[in-house]
Each structure stands twice: as C-alpha cells, then as structure tokens.
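Structure first, commentary second.
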Amino acid sequence: MLRFIAPALFTSLFSVPALAQDMSWRDVTPRLQGCWDGTGMGGSVSECWLVAEDGRADGLFLMRQDGAPTFSEILTIDDFGEGVEMRLKHVNPDMTGWEEKDDFVRFRLTGVEADQLIFKGLTFRFTGDDQLDIELMMTFGEGEPRAVPFSFTRTAHVARANSAPAAKGD
C-alpha cells in the first residue's frame, strides 16, 4: 500500500510541468493573440496573430531591413486533416509571391508544452506573458542547417477572432 501512496504524495508536493501528451496545440495558440515587434535575421520584424475559438491561428509576418519592407508571410496554424501544421506563403513588397499559386511552406507540429509549440524546423517559445522567442532552422547556400533566432515583445492585444459571423445588429 505504501508504494501507491508515495507517488501520489510526491506528485502532490511537487509541481510537474505539463507534458506534450497532456497539452493540445489549441491550449497554446491563444498565447499568440496580438501583435509582436522584435528583431531577427539582421532586421526588424513584426507579427500579428488572430486566434479563433477552435485554436486556429492566422497571422501576418513582416521583415524590414533599414526601415524598408523586404518580404511578408501569411501564416496559418491548424489541423489540415494530415496533422497540425503551420503553413505559410512568402510575399514580396510588390505582392508577388515566392511560392507557386497552390504551394506553401509547411512546418509539421512535433510537440507541445505549456510554453512552446514545436514544429519540425521551427519552435515558438513563450518566455513571459509578452515575450516570444522563435527559432527557425534555415539552410544558407550549400551549408548545414543552422538556428536563426527571432525575439519578440507583444505590442498590442487584439480581440479574439470570432469563429462564427455576428448576427445583424450585434
């Protein structure tokens, strides 16, 4: 009997962080809600995210060098029927796209923790209520992949995206 009591006592005395199997990506995406400014890739970066009640997150990323926009990304995190992914499309300042019309970049979700969304090649890590670090694995030329860090501070809170249209008069 003692062997069953000891683990229960241990668990109740010590805080154990949430494990990936205990967390859903839908529990973490609401933390993205809002607008974020920061630095990365030698320039200034901004992201704004809207998160629906079902956890789907849609966002926009903007990269600037010397104050001028260099490219944007349209971002979506959702379960697309083949598993949870972040999908994105790159867009030049003149609105021409990098990917073909029906193509996009995919990052498959591989893990979830209370403060992290872990995709293959991309990690979102919340280091505070209004602090977000992103690590992107990139290959430059013929070289080996390397981690490229981005650091963001939340600059605006925005209302949650509504998953259903509002009734007339609301």
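The values are calculated or read from the model by the stated rules, or taken from the named source; none is laboratory data. This structure is a prediction, so every number in the text was calculated from the model and none was measured. Please note: Cβ atoms are built from the backbone with ideal geometry, for glycine as well, and neighbour counts cover all protein chains shown. With ligands, DNA and RNA removed, areas are computed over all heavy atoms of the protein, side chains included. Shrake-Rupley method; radii C 1.70, N 1.55, O 1.52, S 1.80 Å.
Quick one: accessible area per residue over the range 16-104, 1.4 Å probe, rounded to a whole number of Å²? The partial results should precede the final answer.
Numbers: 4680 Å² over 89 residues.
So the range 16-104 comes to 53 Å² accessible per residue, rounded to a whole number.
The range 133-153 to the range 82-118: how many Å between their Cα centroids?
The range 133-153 and the range 82-118 have Cα centres spaced 15 Å from each other.
Taking all protein chains in place and a 1.4 Å probe, what share, in percent, of the accessible surface of the range 34-170 do carbon and sulfur account for? It would help to have the intermediate numbers written out before the result.
Working: 4130 of 7910 Å².
Roughly 52 percent of what the probe reaches on the range 34-170 is carbon or sulfur.
Under the Karplus relation 6.51 cos²θ - 1.76 cosθ + 1.60, θ = phi - 60°, what is the ordered set of whole-Hz ³J(HN,Hα) values for the range 54-63, x standing for Gly and Pro?
7, x, 4, 10, 10, x, 9, 10, 10, 9
Could you compute the net charge surrounding M86? Neighbours are other residues with a C-beta less than 9 Å from the C-beta of M86; K and R count +1, D and E count -1.
So the surrounding residues net to +1.
Would the range 25-153 count as rounded, prolate or oblate if I go by the C-alpha gyration tensor, calling it rounded below 1.5 in a/c and otherwise prolate when a/b exceeds b/c, oblate otherwise?
On the way: a/c = 1.34, a/b = 1.21, b/c = 1.11.
Rounded shape, in that the Cα axes give a/c under 1.5.
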